[in-house]
Structures are given as C-alpha cells and as structure tokens.
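Heads up, the thing below is written out as structure tokens.
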Amino acid sequence: LFAALVGTAPAQDTLAARIAHTDPSKYRDSKSVHGGAPGGLSYMGLFGNKTLETSLIFLHRGVIPPGGGIGHHFHHQMEEMFVIFDNEAQFTIDGRTAVLKGPAGAPCKMGHSHGIYNHTDRPTQWMNIAVGSVRGRYDAEDLGDDRIGVTIDPKPVFTHMRLDPALLRPVTALHGGKGTARYRRALRPEMFRTNWGYVDHLILPPDTSVGLHRHDAMEEFYYVIKGRGRVTVDKETVEIGPGDAVPIRLREAHGFFNHTREDLEMMIVGITLEKGKFDVTEQ
C-alpha cells in the first residue's frame, strides 16, 4: 500500500491548492505493513514523488494503534524516517530496538533496516518521510519480522532526534525576519546518504517571522506541529495550521509569520539537488 501512494500529489496551481492538510477522516487502514504487527496502522499520503523536483518520494501522516506497527524491512535505494508526535513507540534500526518518547524520530540510512511497534495501550501519532537515491524510485525488502516481544535496549544505539522545545536556541532576525525565533538543526547532512539534507525544528513566538528567502539548489517542506500562522511563497500568502505541510520548490521566495497569540511550531525537511550543496539567498 505504501508504494501505491507514492505517486500521489495535490494540484499545484496555487499555493493554497498544494498545501497538504492532515485529515484523519481520509486515513486508510493498512494491516501487517511490511509483515508488521497485525494491528497495522491508518494513514494518508500528504506528498508524493511529484510534489517536489528533488528526490522526495513521499510524506505520510497517520496513527499507529495499540498493538500496531511496521515490520522489520530494508530499503536499498532510499532512506526513510519514522516520526512520532506523542506517546511512545519501540523503534528498531538494524535489529536493535529501543523505546523513544514522542515527539521524536529515527532516520534509517539507505541499505539499513528498520521497523516500529506501538507497545502501549494508546494510539501514537505518526509520520513517515522517504527520500530516494533516484527520484521517484521506491523499493522495499521485508524480513518477516513483526518486532513483537523483542529485546529492548535500555538506551537507543542508533541515530535519533528529539523535537524538544527545550533544546531550541534563540535566533534573532532569522533570514531577515522579525523578532527572535527558537531554532535547532535536529539532524545534520552527514546523517544521510541520499540528498536528504537536514531536519530542523523551529518555533516562532507570537509576532515573529522568518524573512523571505530562497534556495536555488535545494527544496524544503514545512510541517506545522502546533499553532497557526501565515506562509508567503513568492506573491501568495495563505493561513496555515496544525497538520499542514507546505512544499517549497526550487527558487521560490518563502517566509513565515506568526500573527497569533500562540507559538507556531514547525518541522522542516531539506532536500538538495546535489548531495552536500546548500544555498540561501535572502530577499
């Protein structure tokens, strides 16, 4: 089923049309994903492999119910990352399993194996991001391992990230914006083998902004974790809120403004045209 949703993408005529909105009423049930736990998961595709010009394959958003998950499997031509926004889950990388408490995530490098299992009695809000070594090419090799009842390490021995606001640091006038944002690079470029560039964590307090800037050699998407605000891309400005995913294509001038009384919290994923080549031009 994952492969079936790879090619989906929203209409891209206007900014409002191509922003994807998380909608649980559109989630699709999928059982024993990659040979995983029978509880499966429910999810929808936010982006497909035609959303960006770089090598993003998909962005999925959903929920893993108690006793659900994704079985142990490999990707030989792509990288994937599971993210949880609440609760906790058992993450497996290369056969080693540890519990991560949300919000958190663990990338799986190309050619390595991973899986996830919700061992709790509560649903876990989940996201899946995939970036390929070749644009649009999806692959998977299942191992027939549902990850139920495996040995749990007391501490993870694999790369992982925490989306913890306490870890953020103040940045004044981010890209020429207004006020002081709170920012952190949660995953660095060297943590990936594909053109996946980074994962950033950003909070814009009320009445602060990220100034207009563009990238000529890379693309991004912004996912709203909490709060509301406005995004400007070139000459268009629209409102965004929780669960919205905003694709930023090559050479598009973009900025964000929090016009509300609550923090605007976002996760940012960057993907380059050529590995290791990053650029930014402030407008």
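The values are calculated or read from the model by the stated rules, or taken from the named source; none is laboratory data. Computed from a predicted structure; not experimentally measured. Neighbour counts run over all protein chains shown; Cβ positions are idealised from the backbone, glycine included. Keep in mind that these areas ignore ligands, DNA and RNA; they rest on the heavy atoms of the full protein, side chains included. Shrake-Rupley method; radii C 1.70, N 1.55, O 1.52, S 1.80 Å.
Miscellaneous remarks
- Strands (runs of 3 or more DSSP E) wholly inside the range 165-208 that include at least 1 residues being open to solvent by less than 10 Å² (accessible area, probe 1.4 Å): 180-187, 196-204
For (1) closer than 16 Å to Ala16 by Cβ; (2) among the β-branched types (Val, Ile, Thr); (3) without any contact (Cβ under 8 Å) to a residue 12 or more places away in the chain, each residue gets a yes or a no:
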{"position": "Arg188", "(1), (2), (3)": "no, no, yes"}
{"position": "Arg228", "(1), (2), (3)": "yes, no, no"}
{"position": "Glu236", "(1), (2), (3)": "yes, no, no"}
{"position": "Arg251", "(1), (2), (3)": "no, no, no"}
{"position": "Gly255", "(1), (2), (3)": "no, no, no"}
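- Any hit, the range 209-219, residues being buried (at least 18 other Cβ atoms within 10 Å of the Cβ) and among the β-branched types (Val, Ile, Thr): yes
- Scanning the range 227-267 for residues that are assigned to a strand (DSSP E or B) and open to solvent by 10 Å² or more (accessible area, probe 1.4 Å) yields Arg230, Thr232, Glu236, Thr237, Val238, Glu239, Asp244, Phe257, Glu265.
- Note on the range 180-197: residues that are touching a Ser or Thr at 6+ places or on another chain (Cβ under 7 Å) and of a type in the set (Gly, Ala, Ser) total 2.
- Of residues in the range 92-143 being within 20 Å of Asn195 (Cβ to Cβ) and among the β-branched types (Val, Ile, Thr), the one surrounded by the fewest Cβ atoms within 10 Å (Cβ to Cβ): Val134
- Only residues that are open to solvent by 50 Å² or more (accessible area, probe 1.4 Å) and assigned to a loop (DSSP other than H, G, I, E, B) were counted in the range 144-157, giving 8.
- Test result for Val224, open to solvent by less than 10 Å² (accessible area, probe 1.4 Å) and closer than 20 Å to Ile57 by Cα: yes
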